[in-house]
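Accompanying notes for the structure given below.
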Amino acid sequence: MAKKQCRRAAVFAFALAALSVTGAHAQQSALNIYNWNDYIAPETVPEFEKATGIKVTYDLYDANETLEAKLSAGGSGYDLVVPSLVPFAARQIQAGFYQPLNKAKLPNAVHLDKSLLARMAVYDKDNTYLIPWMTGVIGVAYNVDKIKQIMPDAPVDSLRMIFDPEVVSKFKDCGVYMIDSPTEVFPPALKTLGLNPDSQVIADLQKAADVHFKIRPYIRKYDSSEYINALANGDICVAWGYSSDIQIAKHRAIEAGKGVHIAFSIPKEGAQRYIDTMAIPKDAPHPEAALTFLNYIMQPEVIAKTSNKIYVQSGNADARQFVVPEVANDTGIFPTPEVEQTIYAISPSTPDVDRARTRYWTRVKTGH
Amino acid sequence: MIGQVRFLGAPKPGEGRRWVIAGPFIWFLIFFLVPFVVVAKISLSTAAVSIPPYVPLISWDDTATMSIALHFGNYHFLLTDPEYVIAYLSSLRNAAVTSLVTLVIGYPVAYLIATAKPSMRGPLLMLVIMPFWTSFLIRVYAWIGILKPNGLINNFLIWLGAISHPLDILNNQFSVYVGMVYAYLPFMVLPLYSCLEKMDHSLLEAASDLGAKPLRAFVSITLPLSIPGIIAGSLLVFIPAVGEYIIPTLLGGADTLTIGTVLWNEFFANRDWPVASTVAVALIILLVGPLMLLQHFQSKEDQ
């Protein structure tokens, strides 16, 4: 008897599971978003749910690699993801990760930044697959008062701040962090040597690795997330990192009120722009809902809230008028046209170049 | 003779037992052997930009001919770059040091619990198990707070006046050992306790009646009798410690190279699942090989 009941329950559960699967395909009342942590205004998702009746599941990741591994395996269940354009989204498009966007469902795309779209079109022909989300540059963060104390004439607006052993050695005891991401630490080292920051030549990468070897003794840690709090707490003096993270550190320091004053500078030699984009995976269960969300967040007033909250330039040109002056007038967030000229982008590499870069980076970090 | 009389229709003795034994084997088959075969299969492929990101081993052409391409180059590749050998060795060293230190700390703890009043044993064991109620990650993060330059230990020592400059005790090999010993200590204490607790204490009384000093009695009776506990505890610590990823990542410095770091790099940074699988298979062979040898010699000894 007990056995029979058990079997009936199992059949029932199975039927229910089957029903819920077909149900999910039939109606688009749910949406699964996978985005970076700290990367959206807290009110955006609840307001979207209220406006459309679509129930959103919002998951977080903190590295492009994590996202890529999930999508590589297939069947991730996500409808909308936020890969960085280069090299991630660029090669993911080639590998067939995403579905083309139905532009007819995205009338708000007219608000997007045309020059950013042109940059993206190099990797995403005719902007078929990607919508820009946020963009920033990779540069130098420093603790204003401590740097003034240690080295009053420090070249804060230059790559020398970190990539010149003579300069960076002065900050060793105060603490220097660098993001742990090969694709974002080799270009500045190449630039320091006067080489093409986008070089895909393995011999050039080796020269860049030598630059890192020379400054290695003065770097306290290679880490892509801890430096936000380390800067804000005044535990470290200098960091090489993402402008959006550094803005968060700067504002956390202000909120803490302990007199820690963080500044961000775009190196005058040129800096690398990163563009984070939104895309719909090929096997997304709710592509219609994803399009609805994309169109919703492309309203200038909506995306401006995220800009205000996380102090980042969005890919929406018309949103700038709704951005608070404190953010809109910060040239570290919205660079001047002259600085914009010096900003470069890098291209996706072949697996051999990727492997060489990762290997050199491991050698820099571990000495092996 | 009478004991061998069997009623017709009753199950053969041993049949039920066979089913009971089958349970762990089925578990082993589903959760170890099948995934291992899948990983081993991927290790014989090469990376590709696709979903999934490797070349399928078996392909069919238009004439319905099946071709299987096995690529053994990945195993050779592991030997060409010292990175992998160094990573294996430092992971083995981390695990060995962790096992040794947990044994040295865990043995007295287990011994004291086992010899405590029976009413005290439950609460004491509870204290050993209690940390498991907090998330593992939070406990590792707590060590960052304790060891960092303006953390608990350094601030206390500076306040005491013992040091003037914070000690460098985070993000290096030392902090990795601290974290690993802390995390794996219960896995050493519990098997040692269950072994020591079952020990026949009248043997110790007999030893002292015969004039043995406590130290002598411990060395010639307690220690030999607790060897199964020492082996069980060491294996429980050593095996997961070799593959430990989280603790070296959070508490280690940039120069901490472990097999976990190498796996992460291959899988995420290089997107080379075949090489990542090769690293994993090689790790299992390195771990299971010595264990099987140990098992072999032990069963020989028992005979």
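Tabulated data for the structure shown
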read-out: Conditions (1) surrounded by fewer than 22 Cβ atoms within 10 Å (Cβ to Cβ); (2) outside any loop (DSSP other than H, G, I, E, B); number of the one not met by residue A:198; value: (2)
read-out: Selection count where residues are more than 14 Å from every other protein chain (Cβ to nearest Cβ) and either part of a strand (DSSP E or B) or among the hydrophobic types (A, V, I, L, M, F, W, C) (or both), scope the stretch A:232-255; value: 9
read-out: Any pair with Cβ under 9 angstrom, 6 or more apart, that starts in the stretch B:151-172 at a residue that is under 30 Å from residue B:257 (Cα atoms) and ends at one that is surrounded by 12 or more Cβ atoms within 10 Å (Cβ to Cβ) and charged (D, E, K, R); value: B:154/B:148; B:166/B:148; B:169/B:148; B:170/B:148; B:171/A:220; B:171/A:221; B:171/B:148; B:172/B:255
read-out: Unique match (being among the small types (Gly, Ala, Ser) and over 11 Å from residue A:278 (Cα atoms)) among A:118, A:89; value: A:118
read-out: Test: residue in the stretch B:57-66 that is within 14 Å of chain A (Cβ to nearest Cβ), at pLDDT below 85 and in contact with a Lys or Arg (Cβ under 7 Å, 6 or more places away or on another chain); value: no
read-out: Counted residues, the stretch A:92-121 - those being crowded, with 21+ Cβ neighbours inside 10 Å, not in a strand (DSSP E or B) and not hydrophobic (A, V, I, L, M, F, W, C); value: 1
read-out: Matching entry among B:147, B:137, B:89, B:100 (being within 14 Å of chain A (Cβ to nearest Cβ), under 29 Å from residue B:260 (Cα atoms) and free of Cβ contacts under 8 Å to residues at least 60 places away in the same chain); value: B:89
read-out: Helices (runs of 4 or more DSSP H) contained entirely in the stretch A:265-368, each with at least 3 residues that are within 18 Å of the chain's Cα centre (by Cα), crowded, with 20+ Cβ neighbours inside 10 Å and away from chain B (no Cβ under 14 Å); value: A:300-310
read-out: Test: residue in the stretch A:50-58 that is of a type in the set (A, V, I, L, M), under 29 Å from residue A:272 (Cα atoms) and away from every other protein chain (no Cβ under 14 Å); value: no
read-out: Scope the stretch A:64-86; condition surrounded by fewer than 18 Cβ atoms within 10 Å (Cβ to Cβ) and touching a residue at least 24 places away in the same chain (Cβ under 8 Å); matching residues; value: A:74, A:75, A:77
read-out: Single match in B:177, B:184 (criterion: away from every other protein chain (no Cβ under 14 Å), within 18 Å of residue B:237 (Cα to Cα), in contact (Cβ under 8 Å) with a residue 60 or more places away in the chain and surrounded by fewer than 20 Cβ atoms within 10 Å (Cβ to Cβ)); value: B:177
read-out: Total residues in the stretch A:122-149, condition hydroxyl-bearing (Ser, Thr, Tyr) and assigned to a strand (DSSP E or B); value: 2
read-out: Test result for residue B:174, at pLDDT 90 or above and either out of contact with any helix residue (DSSP H, G or I) (no Cβ under 8 Å at 6 or more places or on another chain) or not in a loop (DSSP other than H, G, I, E, B) (or both); value: yes
read-out: Residue among B:87, B:69 that is at negative phi and at pLDDT 85 or above; value: B:87
read-out: Test: residue in the stretch A:171-185 that is assigned to a helix (DSSP H, G or I), more than 22 Å from residue A:246 (Cα to Cα) and assigned by TED's automatic domain parsing to the domain that holds residue A:358; value: no
read-out: Helices (runs of 4 or more DSSP H) within the stretch B:220-303 that include 2 or more residues within 14 Å of another protein chain (Cβ to nearest Cβ), modelled with pLDDT under 85 and surrounded by 13 or more Cβ atoms within 10 Å (Cβ to Cβ); value: none
read-out: Number of the condition not met by residue B:237 [criteria: (1) over 27 Å from the mean Cα position of the chain (by Cα); (2) under 15 Å from residue B:103 (Cβ atoms); (3) of a type in the set (A, V, I, L, M, F, W, C)]; value: (1)
read-out: Top-ranked residue of the stretch B:32-69 - restricted to ones that are hydroxyl-bearing (Ser, Thr, Tyr) and in a strand (DSSP E or B), ranked as nearest to residue A:72 (Cα to Cα); value: B:54
read-out: Subset of the stretch B:70-86 that is in a helix (DSSP H, G or I) and away from chain A (no Cβ under 14 Å) - its residue that is nearest to residue A:71 (Cα to Cα); value: B:75
read-out: Residues of the stretch A:59-88 satisfying the condition of being within 14 Å of chain B (Cβ to nearest Cβ) and modelled with pLDDT of 95 or more; value: A:78, A:81, A:83
read-out: Single unsatisfied condition, residue A:74 versus (1) at negative phi; (2) more than 16 Å from the chain's Cα centre (by Cα); value: (1)
read-out: Residue match in the stretch A:176-187 (condition: over 22 Å from the mean Cα position of the chain (by Cα) and farther than 22 Å from residue A:330 by Cβ); value: no
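The values are calculated or read from the model by the stated rules, or taken from the named source; none is laboratory data. In this text, all values refer to a predicted model and were calculated from it rather than measured experimentally. We place every Cβ from the backbone using ideal geometry, glycine too, and count neighbours over all the protein chains shown.
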